[in-house]
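The values are calculated or read from the model by the stated rules, or taken from the named source; none is laboratory data. Given the structure is predicted, the values throughout are model-derived calculations rather than measurements. Note that we place each Cβ from the backbone using ideal geometry, even for glycine, and neighbour counts take in every protein chain shown.
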Amino acid sequence: MAINCVVCVKQVPDTKRITGEAMKEDGTVNRGALPAVFNPEDLNALEAALEIRDRCGGAVSVVTMGPPAACEVLREALCRGADRAVLVTDRRAAASDTLATSYILACAVRKLSPDVVLCGRQAIDGDTAQVGPQLAEKLSMPLVTYVEELLDVREGLVLVKRNVGNGWEVAECTLPALLTVMDANMPRPPAARRIMKHKKARSPAEVAKAVSDAMADASRDEQAAEAQDRLAALAERGLLIEQWDLDDVEADLGWCGRDGSPTKVHRIQSVVLAGGEYREFPPTDTGIAELIGELIEDHTIG
Amino acid sequence: MIEVNRQGEVWVFAEQEDGKLSDVPLELLGKARELAGKLSVGVAGVLLGDGVAALAAELFAHGADKVYLVQDPVLAHYQAAGYSRVICGLIEQHKPQICLYGATPLGRDLAPTVASKMRCGLTADCTDLQIGDHKTPGTGEVHEKLMFQIRPAFGGNIIATIVNYDRWPQMATVREGVMPMPQPDRSRRGDLVECPAELDGLTLPLKIIEAHRRPKAVNLKAARIIVAGGAGVGSRENFRLVWDLANCLGAAVGGSRAAVDLGYVDHDHQVGQTGTTVRPALYVACGISGAVQHRAGMQESAKILAINSDPDAPIFSIAHYGVIGDLNDVIPRLIKTLRRGAGVAGAAS
C-alpha cells in the first residue's frame, strides 16, 4: 500500500543575518544577496514524509519554487532521504505573492500525483503560513494544519494530532490530503552515505554552467552535447535535480509573478526606534533604590 | 475575486468556539469602525455556527451595524471546507470591500482558504491597518482609499505596507491583542441578517476523534505588571529570578520568543508578534534584547524597565528606565529592595 508524498520546501534567507542589500528598490526581496537556509519547518514536513515512507513504502518527492540557487535545498533534501527533487524556476515567477506561489506550486504538484502533500507550517521570511492552505484549495485537497504528530497512515486515510492553539485534537482525514507540519518532530540527520552520494546531485542549470566553464572554447553544439551526456549520467544514478519552468508545469502566466499577485508593496520602511523619556540607573543598591523610588512616586508600583 | 466596490462594507469574521466568541473579533470591530468611518460604509460581523444567534448582541455592542448569521449543524465545529464555502458565498452576494480575521490557528486556516477560492489578496499578521491612497509605479495610476496592511517583515528588519487595489475584497489577519478592545455599548442594536447555509450536501473531510482544550496558564492581557525574561536569562532554572521578581511585584510572568523556544518558560507566557500583545502599566524586560517582533508585543506598555548587560540592546530605545548590568545581580537587588522597602503594600508573597 505505497503512499506517495510530495513535500514543498523553500530556501529562505537566514533572517537573523540580514544586511543592507536585502531589499530591492521596489520592495521585493533581493534573494541573491543573502545567506540562505532550508526553511526550518519544511525539514519537519520532510521528516513526516519520510516517516510515512517508513511505514507504508512509496516515494518522497521534494519540490521548490525559486531562483536557480534554490536547488541547494533540493540537494539537501536528497541527502536527507528524498527520492526525487524538482526545481520550479522561471524568471516570470519572480515577485509572486502567496497566491501566485500556491498557483504555480499547484501546477507542479499536480504532475507528481501525490497521495499526501506536506508543507512546513510557515516560512521564516514571509511568516504568513498562507501557501500551505492556498495550495490545498487549488489542489482541491482537504487541509489539515498545525500537524504535530502522525499517528497512523492507512489506505486512503491519515490520523494526526494537531495543535489548535488552546489545546490539541486527534483528527482523521481522507486521502489525498495536504498537511502543514509544525516544528514538533525531530528531523533525522542525513546518513553519511547518502550525503557522499547525493552531494553530487545537480540541476540542468548547474550542469550547463559547469560545462560552459570547463569548455569555454568549444562550440555551442559541443557544449550542449556534453551537457546532455552529463545529465543522462546523473539521471541514471538518481542524481538529477529536475528543472521545470512555467511552461513545463502548464501555468497560465496571468496567474504568475507580479501580474498574478493581488498584494503589492506600497512602501517599505526601515525600523526606526522611537526615543522618548529615558533614564538610566546604575546597577548598585543606591541606583536600584532610586529606580524603585521613582516607580512608586509615579504610582507605577505600590 | 469581486470587482472593486466602494459601497462595500467592512467585515469582521466573528470567530467563536462552543458558543463563546473569541476576543479578537471584538478587538477587530473597534478597528473596523475606524476604517468604515473613513470609507463612509457600515461594519458587519460574519457569524457561522449552530445555535449561536445569541452572540450577535455582543457583536452589535462592540461596533457591528449588521451581523450576517449562517447556521447549520455542519458548521457546529470549524472546518475549512464548510466555513470557506459559506463565506465565499456571502462575499459573492454582498461584496464587502474589506474582510478582517483574527490571526488565530483557525483564522490562519480559514483566511488563506477563502483568499485562494476568491483569488483575492490577503496579508497575514498585520500590526496596523489604515486607509490611504496608492500610486502604481510605472503607470502612475492612483487608487484611492485602500486599506494599508502594515506588518513587520524580513525578520523584523523592515515595516512593510501592503495594498491590494484590484483583487477584492481586501483581506487581512490580525493577532489577538494588537487592536485595543473597544468599550462595549450594550444599548447598541443592529441588523441581524440570517442567511441560508447553501452547503449542497458537502461532506466534511476531517473527523475529529478527540479534542482537548486547555485554559491558558496565565492571563497576560489582564496583568497590570509583567516581568518578562529573554534568552539572556540563560536557563529554565535561572528563570526562577523572573518568577521571584514577578511574585514581589504581584506581576504576571512573560517571556520572549527566544526564551520560549529555548524552553525557559512555556508558550502561554510568550509576549510578542507571535505570542500575546500586552499593554501593562509596567513591563520589566530582563535579558531581552528587544527584537522588533518582541517590541511589537509590548511597546505600548505605559512604562518599560529594561535590564540588560548589553548597552546597545534595542530594548533600551523604547525603555523609560534602564539598568545596564547583569540580571543575575540586578534582579536580586531589586527583590531585596522591594521586600525591605516601604510602600510596596501587599505585593510580596
**Message:** Here's a check for you: in segment A:277-302, which residue that is exposed (fewer than 13 other Cβ atoms within 10 Å of the Cβ) and within 49 Å of the chain's Cα centre (by Cα) is nearest to B:LYS336 (Cα to Cα)?
**Reply:** A:ARG279
**Any chance A:GLY81 is more than 24 Å from B:MET171 (Cβ to Cβ) and in a loop (DSSP other than H, G, I, E, B)** = yes
**Request:** Run B:GLU141 past the list (1) in contact (Cβ under 8 Å) with a residue 60 or more places away in the chain; (2) farther than 30 Å from A:ASN166 by Cα and report the number of the one that doesn't hold.
**Result:** (1)
**Prompt:** Has segment A:42-58 got any residue that is in a helix (DSSP H, G or I), modelled with pLDDT under 95 and within 15 Å of A:VAL117 (Cβ to Cβ)?
**Reply:** no
**Asked** How about segment A:170-186: which of its residues are modelled with pLDDT under 95 and either surrounded by 15 or more Cβ atoms within 10 Å (Cβ to Cβ) or of a type in the set (D, E, K, R) (or both)?
**Response** A:MET182, A:ASP183, A:ALA184, A:ASN185
**Message:** As an exercise: evaluate A:TYR146 against (1) within 11 Å of chain B (Cβ to nearest Cβ); (2) touching a residue at least 60 places away in the same chain (Cβ under 8 Å) and give the number of the one condition it does not meet.
**Reply:** (2)
**Message:** Can you list residue pairs whose Cβ atoms sit under 6 Å apart, with the first residue in segment B:265-293 being part of a loop (DSSP other than H, G, I, E, B) and the second being of a type in the set (Asp, Glu)? Count only pairs 6 or more apart in sequence or on different chains.
**Reply:** B:ARG279/B:GLU300
**Message:** Given the condition in contact with a strand residue (DSSP E or B) (Cβ under 8 Å, 6 or more places away or on another chain), over 22 Å from B:ILE315 (Cβ atoms), free of Cβ contacts under 8 Å to residues at least 40 places away in the same chain and outside the structural domain of B:HIS294 (by TED's automatic domain parsing), answer yes or no: does some residue in segment B:177-200 qualify?
**Reply:** no
**Asked** Does A:ARG202 count as under 23 Å from the mean Cα position of the chain (by Cα), more than 12 Å from every other protein chain (Cβ to nearest Cβ) and either over 24 Å from B:GLU210 (Cα atoms) or among the aromatic types (Phe, Trp, Tyr) (or both)?
**Response** yes
**Request:** Go through segment B:187-204 and count every residue that is out of contact with any Lys or Arg (no Cβ under 7 Å at 6 or more places or on another chain) and either among the acidic types (Asp, Glu) or closer than 16 Å to B:GLU58 by Cβ (or both).
**Result:** 7
**Complete:** For A:SER96, the lone unmet condition from (1) touching a strand residue (DSSP E or B) at 6+ places or on another chain (Cβ under 7 Å); (2) more than 9 Å from every other protein chain (Cβ to nearest Cβ); (3) over 30 Å from A:ILE195 (Cα atoms) is (1)
**Prompt:** Can you find even one residue in segment B:165-177 that is over 30 Å from A:LYS264 (Cβ atoms) and out of contact with any helix residue (DSSP H, G or I) (no Cβ under 6 Å at 6 or more places or on another chain)?
**Reply:** no
**Message:** For segment B:85-158, give me every one of the strands (runs of 3 or more DSSP E) that falls completely inside it and has 3 or more residues that are at the interface with another protein chain (Cβ under 7 Å from one of its Cβ atoms) and either surrounded by 17 or more Cβ atoms within 10 Å (Cβ to Cβ) or among the aromatic types (Phe, Trp, Tyr) (or both).
**Reply:** B:122-126
**Test result for A:ALA36, modelled with pLDDT under 95 and small (Gly, Ala, Ser)** = yes
